[in-house]
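Participant: Just dropping this structure here.
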Amino acid sequence: MSAATTRSRTPDRLCVEAVDLARAAAEEAAYPGVVGEHTAAIAEGDRVVTHFFECKDPGYRGWRWAVTVTRASRAKNVTLDETVLLPGDDALLAPEWVPWSERLRPGDMGPGDLLPTDAEDLRLEAGWSGEDAPPPNSVVSTEMAELVEAEDADVTDRAVVPVRGSITSVAEELGMRRARVLSRYGLHSAADRWDESFGAKTPMAQAAPASCVSCGFLVAIGGSLGQAFGICANEFGPADGRLVSLSYGCGGHSEAAVMPKPPRPAPPVLDSMASDEFHLRPAPDTGSVPTADELASDLGHS
């Protein structure tokens, strides 16, 4: 180890004793009452020392005021170098900056937002346009790239109309005349994402009486995705209007259960062929009411 390195690690005595100078500089940079106790003095080099003071500002918990002082060779006056607020070991720091393209989450886009797609996006691959150069409205054209770089870029519809009866017109009718189409990677990543939300491994599907492949509310879709997915059309189901896996299921399956019909009371039976007799007075042989002779004898009448 050289002598210069040894001297640089040894704190200068005059610089270490300049605590009042360092505190005054820290209070001038902040305001009185925020600068706390003196915590340490560290040698930064030959006749260069940094004094650390506790920061009492509630918004900067764990931070420290760092004031660096120095003096010239053979000089006795200590001068101020710099004053800065530095984070400590347990300081509260802001999260690491992340580019907007990595911060974007599903559902963040709103009306009027423009999301430019990277020309090297793995989810897309070149489609068939009928010519080597992309059309003017292509996202990979030079003109569109310049619009995307602008802050208020506007995507205009300036597609070239193909001649009727040509191969280009047929490709457009089949949905193939696009600058870029979904790649195999983009197709698989989308299928994995949809299967994670509405697939066979979800708790709803595990408790379902049957899968969507046999449900009458499933709307079939075309293309390769139609072999594994469909659209739910049950307004009372948890995935109404969503793309669901054929192995997904819920309690709203069309054949989950047949609701029993409510019991109906038996119709009343009316005998319209006979009539019931209702006497105005009870019959004499019933004994329920005494006769007139019995009443007269009891009362003493002749």
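The values are calculated or read from the model by the stated rules, or taken from the named source; none is laboratory data. Just so it is clear, the structure is predicted and the values come from calculations on it, not from any experiment. Methodologically, a virtual Cβ is constructed for each residue, glycine included, from the backbone with ideal geometry; neighbour enumeration extends over all protein chains shown. Accessible surface is based on the protein model in full, side chains and every heavy atom, while ligands, DNA and RNA are left aside. Shrake-Rupley method; radii C 1.70, N 1.55, O 1.52, S 1.80 Å.
Participant: Answer yes or no: is there a residue in segment 28-50 that is touching a strand residue (DSSP E or B) at 6+ places or on another chain (Cβ under 9 Å) and assigned to a helix (DSSP H, G or I).
Facilitator: So far as segment 28-50 goes, yes, one or more of its residues are touching a strand residue (DSSP E or B) at 6+ places or on another chain (Cβ under 9 Å) and assigned to a helix (DSSP H, G or I).
Participant: If you don't mind, there's one more thing I want to ask. Across segment 226-252, what is the total count of residues that are within 15 Å of Leu187 (Cα to Cα), in contact with a helix residue (DSSP H, G or I) (Cβ under 9 Å, 6 or more places away or on another chain) and either open to solvent by 60 Å² or more (accessible area, probe 1.4 Å) or assigned to a loop (DSSP other than H, G, I, E, B) (or both)?
Facilitator: Matching residues across segment 226-252 total 1.
Participant: Could I ask something else about it? Is it the case that Glu255 is touching a helix residue (DSSP H, G or I) at 6+ places or on another chain (Cβ under 9 Å), loosely packed, with under 12 Cβ neighbours inside 10 Å and in a loop (DSSP other than H, G, I, E, B)?
Facilitator: yes
Participant: Sticking with this one: One residue is enough: does segment 286-299 have a residue meeting the conditions at pLDDT 80 or above, of a type in the set (Asp, Glu) and either loosely packed, with under 10 Cβ neighbours inside 10 Å or outside any loop (DSSP other than H, G, I, E, B) (or both)? Give the derivation first.
Facilitator: Narrowing segment 286-299 to residues at pLDDT 80 or above: none.
Checking segment 286-299: not a single residue is at pLDDT 80 or above, of a type in the set (Asp, Glu) and either loosely packed, with under 10 Cβ neighbours inside 10 Å or outside any loop (DSSP other than H, G, I, E, B) (or both).
Participant: Turning to a different aspect of this structure: Test of understanding: among Glu54, Glu28, which residue is loosely packed, with under 15 Cβ neighbours inside 10 Å, out of contact with any Phe, Trp or Tyr (no Cβ under 7 Å at 6 or more places or on another chain) and at pLDDT 85 or above?
Facilitator: Glu28
Participant: Criterion first (surrounded by fewer than 15 Cβ atoms within 10 Å (Cβ to Cβ) and either more than 23 Å from the chain's Cα centre (by Cα) or touching a residue at least 60 places away in the same chain (Cβ under 8 Å) (or both)) does Gly223 satisfy it?
Facilitator: Yes.
Participant: Do we have Pro87 as under 31 Å from the mean Cα position of the chain (by Cα) and free of Cβ contacts under 8 Å to residues at least 60 places away in the same chain here?
Facilitator: Judged against the criteria, Pro87 is not a match.
Participant: Out of all the residues in segment 59-67, is one or more out of contact with any His (no Cβ under 7 Å at 6 or more places or on another chain) and among the β-branched types (Val, Ile, Thr)?
Facilitator: No, segment 59-67 has no match at all.
Participant: Kindly indicate the residue of segment 198-220 that is part of a strand (DSSP E or B) and either among the small types (Gly, Ala, Ser) or over 10 Å from Leu246 (Cβ atoms) (or both) and also least open to solvent (accessible area, probe 1.4 Å) among those meeting that condition.
Facilitator: This residue is Val219.
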